[in-house]
Amino acid sequence: DRHYLVENRLLPLLEEFGFSSLHHLCLALQPSPQPPVLRERVIHALSTHETSFFRDPELFTALRSEIFPALLELHPSRPLSIWSAAASSGQEAYSLGILAAEMHLQPRPEIMATDISAPVLAQAATGRYTLYELSRGLDNSALIQKYFTPVSGGAAIRRELLPPIHFAPLDLRHVPPSFPSFDLILCRNVLI
């Protein structure tokens, strides 16, 4: 029932890479030594990149009132470790950082943000957002003024005010055995 969605997302790649049909595109992805650029472009095209700041307000209310206090009670002397498993363009990770800063969590948590799509992860790492992207979830102008610096066409996150946020590419089907453990994992965007 999602064939139309797959087709619409992949059709632009046919012309770009010179394939005559979706079937030929799929055949090119089969061999092991597939072109990495093609693979990355297909992954990006098929991934859903919908995100916003403080998406699902109920989650952030629960984090503030119940989840963070309970985790801090369990681990009062070490930084909490948080993983945003499908970080997309970074709004979830930065929202976590803003919430942690607003709550004055000490020691400051460490946030890992991963995604399978390299282009959106690269955007996330820049911390730059358009005014439209900021308006989606950040309707509090005081938070924008406090945590962002105006730049041409939008604003950039002020990382020095946030806990450390590390961005890394990751295919969740191939998590390395050495991957760290976390106190909190946000994976709603994976389940979509």
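The values are calculated or read from the model by the stated rules, or taken from the named source; none is laboratory data. Owing to the predicted nature of the structure, the values given are computational and were not obtained by experimental measurement. For neighbour counting, all protein chains shown are included, and Cβ atoms are generated from backbone atoms with ideal geometry for every residue, glycine included. The area values use the complete protein model at the heavy-atom level, side chains included, leaving out ligands, DNA and RNA. Shrake-Rupley method; radii C 1.70, N 1.55, O 1.52, S 1.80 Å.
Helix by helix through the chain, keep the DSSP H runs that span 20 Å or more along the axis on Cα and average at least 0.0 on Kyte-Doolittle, and give those back in order.
Details: long enough: 3-17 (21 Å, 0.09).
Long hydrophobic helices here: 3-17.
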Among 100, 11, 28, pick out the residue whose Cα is farthest towards the positive end of the charge dipole of region 3-106, where Lys and Arg carry +1 and Asp and Glu carry -1 on C-beta, about the Cα centre. 28
Given (i) 11.9; (ii) 13.3; (iii) 9.9 as candidate values of mean projected area of the Cα convex hull in nm², which corresponds to the one derived from the coordinates? (ii)
Mean-square fluctuation check for the chain, GNM, Cα pairs under 10 Å: which of 176, 163, 109 is largest? 176
Segment residue 39-residue 158, length gained on full extension (0.36 nm per residue, minus Cα span): 39.5 nm
Evaluate the distance, in nm, between pseudo-label points positioned 7 Å from the Cα of residue 149 and of residue 185 along their respective Cα→Cβ axes. 3.6 nm
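Please work out how much length the chain gains when fully extended from residue 70 to residue 2, using 0.36 nm per residue of separation minus the C-alpha to C-alpha distance, in nm with one decimal. Please report the intermediate quantities before stating the final value.
Numbers: separation 68, 0.36 × 68 = 24.48 nm, distance 4.03 nm.
Answer, rounded to one decimal: 20.4 nm.
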Using amide H atoms built in the peptide plane, which far-off residues or other-chain residues are under 5 Å from residue 81 H to H? 110, 183, 184
Tell me, what HN-Hα J-couplings in whole Hz come from the Karplus equation 6.51 cos²θ - 1.76 cosθ + 1.60 at θ = phi - 60° for each residue of region 75-80, using x for Gly and Pro? 10, x, 10, 10, x, 5
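Below 8 Å, C-alpha to C-alpha, sequence gap of six or more: please give me the relative contact order for the chain in percent.
On the way: 251 pairs, mean separation 45.6, N = 192.
This gives 24 percent for the chain.
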Given a 1.4 Å probe and every protein chain left where it sits, what share in percent of the accessible area of region 132-177 is carbon and sulfur? 57 percent
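What number comes out for the charge environment of residue 53, summing +1 per Lys or Arg and -1 per Asp or Glu over other residues with Cβ under 14 Å away?
Values: positive: 55, 128, 136, 146; negative: 50, 56, 92, 102, 133, 139.
Local charge sum for residue 53: -2.
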Treat every Asp and Glu Cβ in the chain as -1 and every Lys and Arg Cβ as +1, leave all other atoms uncharged, and give the resulting dipole magnitude about the Cα centre to the nearest 20 debye. 300 debye
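Considering only the other residues whose Cβ falls under 15 Å of the Cβ of residue 12, what net charge follows from Lys and Arg at +1 and Asp and Glu at -1? Can you show the working numbers first?
Numbers: positive: 9, 41; negative: 7, 15, 16, 40.
Surrounding charge for residue 12 is -2.
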Mind listing the long-range amide H neighbours of residue 115? Cut-off is under 5 Å, sequence gap 5 or more, other chains count too, H placed in the peptide plane at 1.01 Å from N. 87, 168, 170
Per-residue counts of other Cβ atoms within 10 Å, averaged by peptide: what ranking do you get for 113-122, 97-106, highest first? 113-122, 97-106
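Figure the gain on full extension for residue 175 and residue 14 (residue separation times 0.36 nm, minus the Cα-Cα span) and round it to one decimal in nm.
Working: separation 161, 0.36 × 161 = 57.96 nm, distance 3.06 nm.
Contour length minus the Cα-Cα distance gives 54.9 nm.
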